């Protein structure tokens, strides 16, 4: 029996050695795809050499499937093409009327430019800069100018009824903190006390309703939801319920906001007043007059850095803001999804990407109406790999899996760790992965893996994808 086993292993080794490298890879991947939790009709894999597009492995590569957040790869590439890696989103503060010493006799206007990264800290800096310029009083109104985008606050393909979760945030040319607000909760001093609650930021039109309790011990169940107030001022209430044990650490609950422009401008009003600037008028919406005087201009970080964060955290809000910005910059304001997505399709044609069967309805991949093929993704990855003007920024925008950094545990035990750049994608029963992997000698391959209608669960689907990427890494050059 022992001699037979040795003979069997030796035969397998000789067969493996005699097979061409690509045949060995094919055998490995075919075995991996035999997992019973996969739907073979809705599974697709495409692998190519990144330098010349030579096909290494193909399975259902022209099958249109759900890409999930791998769609952000296309948004990333298109934005670099149309806007450039050094593009910066602009948020401007202007005034109309006249300035007399420390008083503006007229309106103060904030014009949004689609910045997906505008933060409370940035608004606080702007408020202080205005104060330092010598202004103490605004006699007119505080004006919102959000004409840079159209009025749609979601991708048209998304469901009308949205959740209050941060990943489901509304869009807007004037937006703040990813259009989400943080509710902070700490236990009271004694059991039976209400929790200590506060907002960050804390605009005056949003009120906390505290229906919580501090308990001696037990499960923490604190949660929050927003609702419209019944008063005539149009205030928003955030109702907080649940319990925290007295030894619990601070809890943070994040909700998206109902009206992004109002949230931004009322936070700005609060910060201006905190800086010592009196605003006598109301908040209104209007387009800034052409003769308005610029008071301050804020520029975001370069697009290349924003794209890195987009793909690291898979931020849906940022992806959709970018789609509308492409449209606004190329077709003029107000920017729309329809125009932005048309430009994305035009970009794929410029790259000679095979668009057979594909449908792009948003920039984030959140909609289940998106359809994409793994061939189209590897076509794009291969084309971008050799583009001098935007290729290096595109590659850098993808996460490095398996090394130190944010969300870096995946593939940390693989011999391919640190040699993989990837974008993940997840929806219900959908897991996707696409990007680049280098083998041991540094030859780079582009890959796209779509596991639709799978019954694997998140962990097992990841393992299947990781096994395929590792097999690519182990591929020798003599194929």
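The values are calculated or read from the model by the stated rules, or taken from the named source; none is laboratory data. The shown structure was predicted, so the numbers you read here are calculated from the model rather than taken from an experiment. Note that we place each Cβ from the backbone using ideal geometry, even for glycine, and neighbour counts take in every protein chain shown.
Tabulated values for the structure
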quantity	calculated
Count of residues meeting criterion [over 27 Å from residue 169 (Cβ atoms), touching a strand residue (DSSP E or B) at 6+ places or on another chain (Cβ under 7 Å) and in a loop (DSSP other than H, G, I, E, B)] in the stretch 117-137	2
Failed item, numbered, when residue 387 is tested on (1) within 18 Å of residue 303 (Cα to Cα); (2) surrounded by fewer than 22 Cβ atoms within 10 Å (Cβ to Cβ); (3) under 20 Å from the mean Cα position of the chain (by Cα)	(3)
Filtered residue count, the stretch 427-469, keeping only those that are assigned to a loop (DSSP other than H, G, I, E, B), on the phi < 0 side of the Ramachandran plot and more than 22 Å from the chain's Cα centre (by Cα)	7
Where a residue in the stretch 461-479 is under 18 Å from residue 427 (Cβ atoms) and its partner, wherever it lies, is modelled with pLDDT of 95 or more and part of a helix (DSSP H, G or I), with Cβ under 8 Å and at least six apart	464/32
Residue within the stretch 274-288 that is assigned by TED's automatic domain parsing to the domain that holds residue 120 and free of Cβ contacts under 8 Å to residues at least 40 places away in the same chain present	no
Checklist (1) more than 15 Å from residue 445 (Cβ to Cβ); (2) in a strand (DSSP E or B); (3) at pLDDT 95 or above applied to residue 422, failing item	(1)
Test: residue in the stretch 69-78 that is assigned to a loop (DSSP other than H, G, I, E, B), surrounded by 20 or more Cβ atoms within 10 Å (Cβ to Cβ) and modelled with pLDDT of 95 or more	no
Within the stretch 427-445, tally of residues that are touching a residue at least 40 places away in the same chain (Cβ under 8 Å) and either in contact with a strand residue (DSSP E or B) (Cβ under 7 Å, 6 or more places away or on another chain) or more than 16 Å from residue 44 (Cβ to Cβ) (or both)	10
Residue match in the stretch 138-160 (condition: in a loop (DSSP other than H, G, I, E, B), free of Cβ contacts under 8 Å to residues at least 60 places away in the same chain and touching a strand residue (DSSP E or B) at 6+ places or on another chain (Cβ under 9 Å))	no
Verdict on residue 226 being more than 29 Å from residue 103 (Cβ to Cβ), over 29 Å from the mean Cα position of the chain (by Cα) and in a strand (DSSP E or B)	no
Test: residue in the stretch 91-109 that is assigned to a loop (DSSP other than H, G, I, E, B) and in contact with a helix residue (DSSP H, G or I) (Cβ under 9 Å, 6 or more places away or on another chain)	no
Residue 182, sole failed condition from (1) surrounded by fewer than 19 Cβ atoms within 10 Å (Cβ to Cβ); (2) at pLDDT below 95; (3) closer than 15 Å to residue 263 by Cβ	(2)
Test result for residue 266, surrounded by fewer than 19 Cβ atoms within 10 Å (Cβ to Cβ), closer than 22 Å to residue 170 by Cα and modelled with pLDDT of 95 or more	no
Unique residue being out of contact with any helix residue (DSSP H, G or I) (no Cβ under 6 Å at 6 or more places or on another chain) and under 30 Å from residue 216 (Cα atoms) when the list is 246, 236	246
Tally, over the stretch 381-406, of residues that are in a loop (DSSP other than H, G, I, E, B) and farther than 18 Å from residue 46 by Cβ	10
Positions within the stretch 437-452 being surrounded by fewer than 24 Cβ atoms within 10 Å (Cβ to Cβ) and farther than 23 Å from residue 36 by Cβ, in sequence order	438, 439, 440, 441, 442, 443, 444
In the stretch 195-222, the residues that are more than 26 Å from residue 121 (Cβ to Cβ) and exposed (fewer than 14 other Cβ atoms within 10 Å of the Cβ)	211, 216, 217, 218, 219, 221
Subset of the stretch 29-46 [under 19 Å from residue 358 (Cβ atoms) and either surrounded by 13 or more Cβ atoms within 10 Å (Cβ to Cβ) or not assigned by TED's automatic domain parsing to the domain that holds residue 436 (or both)]	42, 43, 44, 45, 46
Hits in the stretch 169-223 (condition: more than 24 Å from the chain's Cα centre (by Cα), assigned to a loop (DSSP other than H, G, I, E, B) and in contact (Cβ under 8 Å) with a residue 60 or more places away in the chain)	187, 202, 203, 204, 205
Criterion (touching a strand residue (DSSP E or B) at 6+ places or on another chain (Cβ under 6 Å) and in a strand (DSSP E or B)) met by exactly one of 48, 63	48
Residue count for the stretch 319-336, restricted to those that are crowded, with 23+ Cβ neighbours inside 10 Å and either touching a strand residue (DSSP E or B) at 6+ places or on another chain (Cβ under 6 Å) or closer than 18 Å to residue 169 by Cα (or both)	9
Of all residues making up the stretch 142-175, the number that are farther than 21 Å from residue 322 by Cβ, out of contact with any helix residue (DSSP H, G or I) (no Cβ under 7 Å at 6 or more places or on another chain) and surrounded by 19 or more Cβ atoms within 10 Å (Cβ to Cβ)	1
Counted residues, the stretch 463-479 - those being touching a strand residue (DSSP E or B) at 6+ places or on another chain (Cβ under 7 Å) and closer than 23 Å to residue 71 by Cα	5
